[in-house]
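No value in this document is a laboratory result; all are computed from the given coordinates. These numbers were taken from a predicted model, which means no experiment stands behind them. All Cβ positions, even for glycine, are placed from backbone atoms using ideal geometry, and neighbour counts span all protein chains on display.
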Amino acid sequence: MKKPVVFSLVHSQSMFMTTIMGLLTFLSVLALGISLSIGTGVMRWNAQWANMATVQVTDSNKIDATKKIIDENNSKIKSVRQISNEEMNNLMRPWISNGGNALKNYLPTMWEIEFNSESDLKDAQTEISKHARFLTHASALKSSTSAGWKMIGISTIVLLLTLGAIGVSISYIAKNTALLHKRELEILNQIGASDGFVANQMQIIVAKIALCATVYGFIAAIPVLLLILGAAHSARVGLMAMMGLSGLGWGAIITLPILIIIFAIIVTRRTTLNILKNS
């Protein structure tokens, strides 16, 4: 038989708690979605460039020696492409076109190489570095990767702050509810009701409110998250274009509102029991 709820939150408290939990759920889902999306982008970005490197030779006397080493390591190389003088001129055009024609005489000879694995890259790097500058794409793009991890950190902090705010709000509501219904609690104690029974009453109330609030917050957050991902993909190139959510990512986002409800119920029980013990 279903137990009746002996008391409930007043209307203003119910509206406040529903609103604040809906807003915080919205922020939590958004923060988690952005964090997972950027994390996916960073991993894809690193995987794309992990085996790529550029070899630059500025001393014309070392070009043949460098080319020989590249040829000797052919079994470790997936693809190799020598950058033409025309491409070099295009890369340096802003400087060459502004009175820097003399720079044409100092343009390096460059190869863009994709290795079969990171171990092959490191082996070839040791030999090639003796004659030329060996620059891995991963190290060259380290600043972009670092920015991605910083954004993940910021999103994680926002998520933790919103969860903390949910806990504080629930504790505040539970405390005020206990004070508003102090007379009912005294009557319940007199007729032998346990603290656990009273806590269960509060848990039922908060669970219903949390369910409605998290559904509203989740429904509002998903379109915004999809809009952010769409805007990132429109960049077409760069770290932002790599952002995305896998099946596990979407599973985590869907699970988050459920965890918030469970978290709300646990906080409600602990707060209510502490109030009853100290009253």
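With R₀ fixed at 30 Å, the C-beta to C-beta distance from Met43 to Gln125 puts the FRET efficiency at about 0.85.
Taking Cβ atoms as reference points and 14 Å as the exclusive limit, the residues near Ile261 contribute a net charge of +2, counting Lys and Arg as +1 and Asp and Glu as -1.
Distant-in-sequence amide contacts of Thr136, defined by a placed amide H-H separation under 5 Å and a gap of 5 or more residues or a different chain, comprise Thr54.
The phi-based Karplus calculation (6.51 cos²θ - 1.76 cosθ + 1.60; θ = phi - 60°) puts the 3J(HN,Hα) values of the range 117-126 at 7, 5, 5, 5, 4, 5, 5, 5, 4, 4 Hz, whole numbers, x for Gly and Pro. For the range 200-279, a Kirkwood hydrodynamic radius built from all Cα pairs, placed in the Stokes-Einstein relation at 4 °C and 1.567 mPa s, yields a translational diffusion coefficient of 86 µm²/s.
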